[in-house]
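S.K.: What follows is a single structure, and I will ask about it in a moment.
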Amino acid sequence: MRIVGLSVAVFLGAVVTAAPGEASAAASTLVVAVDGDDSAAGTLAHPLRTIQKAVDMAGPGDAIAVRGGTYTLVDNITITTSGEESQPISLGAYQGERVVIDGEALPASHTPVGGSIPRAERGAIHQEASHWRVSGLEIINGPYGYYCDSCDDNVFSRLTTRGNYETGFQLQGDSSGNQILDLDSFGNRDPRKNGESADGLGIKEGSGAGNVVRGVRLWNNVDDGFDAWKFASPVLVENTIAYGNGFNRWDFPDFAGDGNGFKLGGGTPAPSVGHSVRNSVAFENAKHGVTDNGNPGTLTLSGNSTFGNSGTGFDADTTGARAGLTANLAVSDGRPAALGTDTVSSGNSWDIGGTWNDSSVLSTDTTPVTGPRGADGSLPSAPAFLVPRNGASVGARL
């Protein structure tokens, strides 16, 4: 199926038009619009009405371009068809238009206290497929925002997941080679558990090599910013910010939110796994900035900053764990670090000594890092934020 009269190229869900002959004619494109019709051809002139219809029609190499507007769901969007390594399937906003996917009407969004969400109903978008490129969507009020189980080699770029009734974005199961880039995930909460499990981003309860988190912001979620609970393979997190997590903004009774910026393990028993976090920042969380959460593996924490967390900046004191902490900075946390007897600590702010408080850095103003992203989806620049006045080479640089 082709859009007559113009070619359409899709890169990480950002759909751009080109004059005929300027782009490859190999890929087919399906267009969706709020005033479309699912019996239509799916062209720019005659778009489909629902994203699900386009998903059901798409195959390897195809693209789904979603016009701006709010798409109110009565059933969650379910993705089960995979692309191919050389022909991924793309789903994204048409030419940067604002696309909102609203799961408020989904029954699972309103699961009662103590209830469970059936697996198939987890997520306003529920994916069990590989080789997708999903970009530029805003997902709200879902029973999870985006939920991906047993997913390989996908790229999720420039998504916003906010105000969902469980974790904003969750990857789990046998999942490998996924990239989560430039995600903003905030205000997610779980009234059914009184705040016990809704994180900004969870990569948990599974395994799989090569999963990467980059350029992400996770804030004001009821539980943790990032949670790797019971995920048994290393995850790389870099250039990522987690703040304001773990506070009871919803007045839940028997509040159970944890409030860590980055939770790097957990479970009974907790898998031994070497997650890596670098050039990332955790500030003003209700508990720890970064915690191993009982993970006995060899974590690698390098060039990160914590600031104003109520608990410990860097909590890496699990018995037997050989975490390696290098060139990290802790400023004005409840305490800078809690280290185990086997932890390797070198060149961190607590190693080089001195007083590390608000006046020790060029700026503690959070406004730059919480502001709008760049036009390309990049994090806003904050060249002075938590940079040591004395020139020490510790901490993140944003």
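S.K.: Residue check: is SER109 touching a Phe, Trp or Tyr at 6+ places or on another chain (Cβ under 9 Å), in a helix (DSSP H, G or I) and touching a residue at least 24 places away in the same chain (Cβ under 8 Å)? Even if it seems obvious, please write down each step before you answer.
M.R.: On the way: touching a Phe, Trp or Tyr at 6+ places or on another chain (Cβ under 9 Å): yes; in a helix (DSSP H, G or I): yes; touching a residue at least 24 places away in the same chain (Cβ under 8 Å): yes.
Against the criterion (touching a Phe, Trp or Tyr at 6+ places or on another chain (Cβ under 9 Å), in a helix (DSSP H, G or I) and touching a residue at least 24 places away in the same chain (Cβ under 8 Å)), SER109 qualifies.
S.K.: Quick one: in the stretch 315-339, which of the residues that are of a type in the set (S, T, N, Q) and more than 16 Å from PHE262 (Cα to Cα) is modelled with the lowest pLDDT?
M.R.: Of the residues in the stretch 315-339, the ones of a type in the set (S, T, N, Q) are 318-319, 326, 328, 332.
Subset that is more than 16 Å from PHE262 (Cα to Cα): 319, 326, 332.
Numbers: THR319: 82, THR326: 98, SER332: 98.
Across the stretch 315-339, the extreme among qualifying residues is THR319.
S.K.: Could you please find all residues in the stretch 325-362 being in contact (Cβ under 8 Å) with a residue 40 or more places away in the chain, part of a helix (DSSP H, G or I) and surrounded by fewer than 18 Cβ atoms within 10 Å (Cβ to Cβ)?
M.R.: Correct list: ILE352 only.
S.K.: Against the conditions (1) among the small types (Gly, Ala, Ser); (2) within 14 Å of the chain's Cα centre (by Cα); (3) part of a loop (DSSP other than H, G, I, E, B), where does ALA129 fall short? Just the number, please.
M.R.: (2)
S.K.: Taking interchain pairs and intrachain pairs at least six residues apart, which have beta carbon atoms under 6 angstrom, with the first residue in the stretch 128-155 and over 19 Å from GLY206 (Cα atoms) and the second among the basic types (Lys, Arg)?
M.R.: Pairs found: SER135/ARG158; GLY136/ARG158; ILE140/ARG162.
S.K.: Examine the stretch 60-67 for a residue that is within 23 Å of the chain's Cα centre (by Cα), modelled with pLDDT of 95 or more and part of a loop (DSSP other than H, G, I, E, B), and state whether such a residue exists.
M.R.: no
The rows are residues; the columns are (1) surrounded by 18 or more Cβ atoms within 10 Å (Cβ to Cβ); (2) of a type in the set (S, T, N, Q); (3) touching a strand residue (DSSP E or B) at 6+ places or on another chain (Cβ under 7 Å).
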| position | (1), (2), (3) |
| --- | --- |
| THR72 | no, yes, yes |
| SER86 | no, yes, no |
| GLU97 | no, no, no |
| THR111 | yes, yes, no |
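S.K.: Under 26 Å from SER233 (Cα atoms) and either polar (S, T, N, Q) or at pLDDT below 95 (or both): which single residue out of GLN87, GLN127, GLN95 fits that description? Steps first, answer last, please.
M.R.: Numbers: GLN87 fails: under 26 Å from SER233 (Cα atoms); GLN95 fails: under 26 Å from SER233 (Cα atoms).
Testing whether each residue is under 26 Å from SER233 (Cα atoms) and either polar (S, T, N, Q) or at pLDDT below 95 (or both) leaves just GLN127.
S.K.: If you go through the stretch 155-176 one residue at a time, do you hit one that is under 25 Å from ASP254 (Cβ atoms) and over 15 Å from the mean Cα position of the chain (by Cα)? First the steps, then the outcome.
M.R.: Of the residues in the stretch 155-176, the ones under 25 Å from ASP254 (Cβ atoms) are 162-168, 170.
Then keep just the ones that are over 15 Å from the mean Cα position of the chain (by Cα); that gives 165.
Yes, there is a match, as at least one residue in the stretch 155-176 is under 25 Å from ASP254 (Cβ atoms) and over 15 Å from the mean Cα position of the chain (by Cα).
S.K.: Which one of these is farther than 24 Å from GLY347 by Cα and touching a Phe, Trp or Tyr at 6+ places or on another chain (Cβ under 6 Å): PHE226, PHE283? Before the answer, list the steps.
M.R.: Working: PHE283 fails: farther than 24 Å from GLY347 by Cα.
The unique qualifying residue is PHE226.
S.K.: Looking only at the stretch 47-56, decide whether some residue is of a type outside the set (Val, Ile, Thr), in a strand (DSSP E or B) and in contact with an Asp or Glu (Cβ under 8 Å, 6 or more places away or on another chain).
M.R.: Restricting attention to the stretch 47-56, the residues satisfying the condition of being of a type outside the set (Val, Ile, Thr) are 47-49, 52-54, 56.
Keeping just the survivors that are in a strand (DSSP E or B) gives 48.
From what is left, the residues that are in contact with an Asp or Glu (Cβ under 8 Å, 6 or more places away or on another chain) are 48.
Within the stretch 47-56, one or more residues are of a type outside the set (Val, Ile, Thr), in a strand (DSSP E or B) and in contact with an Asp or Glu (Cβ under 8 Å, 6 or more places away or on another chain).
S.K.: For the stretch 142-154, enumerate the residues that are closer than 12 Å to GLY83 by Cα and either among the basic types (Lys, Arg) or not in a loop (DSSP other than H, G, I, E, B) (or both).
M.R.: Filtering the stretch 142-154 for residues closer than 12 Å to GLY83 by Cα gives 151-154.
Answer for the stretch 142-154, where residues must be closer than 12 Å to GLY83 by Cα and either among the basic types (Lys, Arg) or not in a loop (DSSP other than H, G, I, E, B) (or both): just ASP152.
The values are calculated or read from the model by the stated rules, or taken from the named source; none is laboratory data. Predicted model only: the values in this text are computed from it and were never measured. In this analysis, Cβ positions are derived from the backbone assuming ideal geometry, glycine residues included, and neighbour counts consider all displayed protein chains.
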